[in-house]
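K.L.:
Pasting a structure below so you can have a look.
The values are calculated or read from the model by the stated rules, or taken from the named source; none is laboratory data. As the structure is a computational prediction, the values presented were derived from the model and not from experiment. Virtual Cβ from ideal backbone geometry, glycine too; neighbours counted across all protein chains shown. Note: accessible area is taken over every heavy atom of the protein model, side chains too, but ligands, DNA and RNA are not part of it. Shrake-Rupley method; radii C 1.70, N 1.55, O 1.52, S 1.80 Å.
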Amino acid sequence: MAQDSVGFSSDYQFWMQKLSLWDQASTLETQKDTCLHLPRFQEFLRQMYEVLKEMDSNMIIERFPTIGQLLAKTCWNPYILAFDESQKILLWCLCCLINKEPQNSEELKLNSWTRGLLSHVLSAFKFDTKEVGLFIQGLGYAPADYYSGLLKNMVLSLVSELRENHLNGFNTQRRMAPEKIRFLSRVCVPLVTLPDIQPLVEALLTYHGHEPQEVLWPEFFDAVNEAFLLKKISLPTSAVICLWLRHLPSLEKATLHLFEKLISSERNFLRRIECFLKDSLLPEAACYPAIFRIVDEMFRYALLETDGAPEVLAAIQVFTWCFVEALEKQNKQLKFTLKTYFPYASPSLVMVLLQHPKDIPQKLWHQPLKHISEMLREIVEDQTHGSYGGPFECWFLFIHFGGWADIAAEQLVMSEAEPPEALLWLLAFSHSPRDRSQQRAQTMVEVKAVLSHLKKLLRSPTLSARDLQAAAAESQDRDPRPPSCQQLIRHLLLNFLLWAPGGHAIAREVITLMAPTDELSHEIAGFLDQTLYRWDRLCLEAPRSRKLARELLAELHAHIQHRPAAHGAAVHAAGSPRSRDETMRLIRRGTSSEDEP
């Protein structure tokens, strides 16, 4: 390689001088000299590509400061473009100059200039002779209009050829060679953001040949995916789905890109999370089981690595809602069985969880809640159901449909009847899935005692913040409540404030007592936002409760924003602060392809 590089350097100046002579004169002798040297110059181009492909663009410019002049003169020489494979090799050389991650204006300028040359070479396509140029000018067209029109026609021709290639199937005489398709995808890498090229990009993504291995260039998938994620191009959903089905790294990057947006955005706004999710196209693409299972597995890793960060929990729940909506739109009758989406879950449990509470009369909500609790409990506590996973796997499935747990909490708070054991178990399990049976039973006892106090307060003619605080107080003769149990009881108190007639008058005072720290303020704000979002989805009419929840949420957000020390912090399940950068680092570590079992 070193000897080749030396030989290339010695030839470089010779060809630079030749190109300058060919460029300055257009006599018959110059044309003959050009044609005479074309085979040797093509060999030089091939040698140049072998040298350039080993360097990045900055190194190329540093070592060969005049390479831009050399390539530009080459691109505008019609004889070189018309000779054998020179045009193809020239395209390869130009691609080497593209900086994939430009850091400054100079690098951006170089990329733009190089793309201009690439566009010119493609549009010329062996037709850019002086005679054709004079003819076009005689018709009244500017060269730029001609090149643009020719490029569009060429792209349309290639798109048509790709589609015919797909229809021809195994008719090898009429099929486009795989090598040509691969070359097309490689040429498109630096051009994917050009509007005129996008029909070809889409045709390549949706092309389905009969080759045993992927025919498109890997860098093509990377370039298209990056341009799509950064909103530099707009692609139909079908093309994006083809991209992610054909190139797993692109799907993983798209999911990580979504995580970054969710973690870096303002917390506690589920409507914003929903917008990010729908904009990403991931819920719609997840209607394909292969995509759903990969995205879901990345959510699972993110949940494990962040110890159940609220942002991740909220994203899983909203993602599932969006996914189910997309599934209902695309499949009036399911194209794929539910087993293909949740292969390790009990099919009957999935069917019950998928029921939309809105489709069930409110007075009958206790029935599916009881059924869900009984099925989960049987799987979690009965070892004979090992095929459906352990407690964590059951909990991970359940939190996809976490709205059922919130409904259970509301039902327990507002019901005059004795708290059903099934609902108590469901709440205890949803807030702390790792607990053993004895710990879970203790949580159920604590929750039942608090609910008993709340029912007495519900019938009381007067209600104070201190009364509510006393109702939630821990018994002195018991061990301190674990954090998960404390959080569950806080959520029960918040439900009581929203629904009890006397709760509205004392809500602000109670929340002041409940949230002495930033972490608890964030938790309560998150609960209120999630409650409002769920009520909207259920079309629940509760004007007084809804008005109070909105007012409390707005006041909490204003209060949080005046605490600069808490800015930029995420909070995990245990309540300790964690920076957003740290959260993303953990998610990246957990979802890395290299770490997968």
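K.L.:
In terms of solvent-accessible area of protein heavy atoms at a 1.4 angstrom probe, what is the ranking of R377, R481, highest value first?
P.N.:
R377, R481
K.L.:
Quickly work out the T512-to-Q330 label distance, labels modelled 7 Å from Cα along the C-beta direction, and quote it in nm with one decimal.
P.N.:
Here the modelled spin labels are 5.1 nm apart.
K.L.:
Please give the net charge around H491, taking every other residue with its beta carbon less than 12 angstrom from that of H491, where Lys and Arg add +1 and Asp and Glu add -1.
P.N.:
Taking every other residue near H491 into account, the sum is -2.
K.L.:
Between Q69 and L156, what's the calculated FRET efficiency when r is the beta-carbon distance and R0 is 41 Å? Round to 0.05.
P.N.:
E(calc), rounded to 0.05, equals 0.75.
K.L.:
What is the list of residues in the range 424-438 whose amide nitrogen lies under 15 Å from a point 7 angstrom out from the Cα of F392, following Cα to Cβ?
P.N.:
432-436
K.L.:
Ok, one more. Would you mind getting me the FRET efficiency between L245 and Q362? Use the beta-carbon distance for r and R0 = 41 Å, nearest 0.05.
P.N.:
It comes out at approximately 0.50.
K.L.:
Next question, about the same structure. Give me the one-decimal nm value for the distance between modelled label points at K278 and L338, 7 Å along each residue's Cα-to-Cβ direction.
P.N.:
About 2.5 nm, to one decimal.
K.L.:
Shifting gears a bit: Hey, which of these cross-link pairs are over 21 Å Cα-Cα: K18/K73; K232/K278; K231/K253; K329/K358; K53/K88; K455/K547?
P.N.:
K455/K547
K.L.:
In sequence order, what are the phi-derived ³J(HN,Hα) couplings for the range 444-449 according to the Karplus relation 6.51 cos²θ - 1.76 cosθ + 1.60 with θ = phi - 60°, rounded to whole Hz, with x for glycine and proline?
P.N.:
Going residue by residue, I get 4, 5, 4, 5, 4, 5 Hz, with x marking Gly and Pro.
K.L.:
Could you work out how far apart the two model spin labels at S460 and D33 are, taking each label as a point 7 Å from the Cα in the direction of the beta carbon, and quote it in nm?
P.N.:
Using points 7 Å along Cα→Cβ, the separation is 10.3 nm.
K.L.:
Given the whole protein assembly as supplied and a 1.4 Å probe, what does the accessible area of S238 come to in Å², nearest 10?
P.N.:
Roll a 1.4 Å probe over it and S238 shows about 70 Å².
K.L.:
Using r as the Cβ-Cβ distance of E381 and T237, and R0 as 60 Å, what FRET efficiency do you calculate, to the nearest 0.05?
P.N.:
Between E381 and T237 the formula returns 0.90.
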